Amino acid sequence: MKQTEPGYGEGDLLRKQFSGKRGLRAQIARDYKQAGLSESLIGQHMNGGRPISLRAAITYCRALNCALDDISPSWANEIRQAAQTLKQPEQPWALHDSATDSVRYTIRENLAKLMLLAQALGDEEIDYLIAKARGLGAFDPSVHALKSVGNGL
């Protein structure tokens, strides 16, 4: 890495995250050994002897419960710039024409009415409506079995 690349000269920010927290360096080295951190490497990062890699910066953020900007503003900036180049996923369901907007409005309007109706009805009325919708008679014994299904609607 060149000294102009992200992660250089940011040890003071990392050191600030560790300040006043005795034993934290050893604990993080133990807990995040799998991620490649050791007490020696943490010390090198804090003293500026080694640049903070993106992987290490992310691991520090998780371990210290802080934002990437708090550890390495240069890496945070790199990620923001990279994020701007990502292609947004296509959303075929997000159509915006007058016909679709009209249907969307009608659905929302009807859902609002159904929510009001559902709040006003008791369990027996809901059971009756479910039975009618399924073609059962109002006093059919299976109507009562539908009660739990009706509450889930």
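The values are calculated or read from the model by the stated rules, or taken from the named source; none is laboratory data. All values reported here derive from a predicted model rather than from experimental measurement. Quick reminder, even Gly has a Cβ in these numbers, built from the backbone with ideal geometry, and neighbours come from all protein chains shown.
Considering only residues of region 15-36 that are touching a Ser or Thr at 6+ places or on another chain (Cβ under 8 Å) and aliphatic (A, V, I, L, M), which is farthest from LEU54 (Cα to Cα)?
Going through region 15-36, the residues touching a Ser or Thr at 6+ places or on another chain (Cβ under 8 Å) turn out to be 29, 32, 35-36.
Restricting the remaining residues to those that are aliphatic (A, V, I, L, M) gives 29, 35.
Values: ALA29: 17, ALA35: 12 Å.
The selected residue is ALA29.
Picking from residues in region 47-65 that are free of Cβ contacts under 8 Å to residues at least 40 places away in the same chain and of a type in the set (Val, Ile, Thr), the one that is nearest to GLN27 (Cα to Cα) is THR59. Evaluating ASP69 against the criteria (1) in contact with a Gly (Cβ under 8 Å, 6 or more places away or on another chain); (2) free of Cβ contacts under 8 Å to residues at least 24 places away in the same chain leaves one unmet condition, (1).
Scanning region 55-74 for residues that are buried (at least 16 other Cβ atoms within 10 Å of the Cβ) and either in a helix (DSSP H, G or I) or of a type in the set (A, V, I, L, M) (or both) yields a total of 12.
Could you check how many residues of region 28-38 are surrounded by 13 or more Cβ atoms within 10 Å (Cβ to Cβ) and either of a type outside the set (Gly, Ala, Ser) or at pLDDT 90 or above (or both)?
Step one: list which residues in region 28-38 are surrounded by 13 or more Cβ atoms within 10 Å (Cβ to Cβ), which gives 28-29, 31-32, 35, 37-38.
Filter once more, so that each one left must be either of a type outside the set (Gly, Ala, Ser) or at pLDDT 90 or above (or both): 28-29, 31-32, 37-38.
Residues in region 28-38 being surrounded by 13 or more Cβ atoms within 10 Å (Cβ to Cβ) and either of a type outside the set (Gly, Ala, Ser) or at pLDDT 90 or above (or both): 6 in total.
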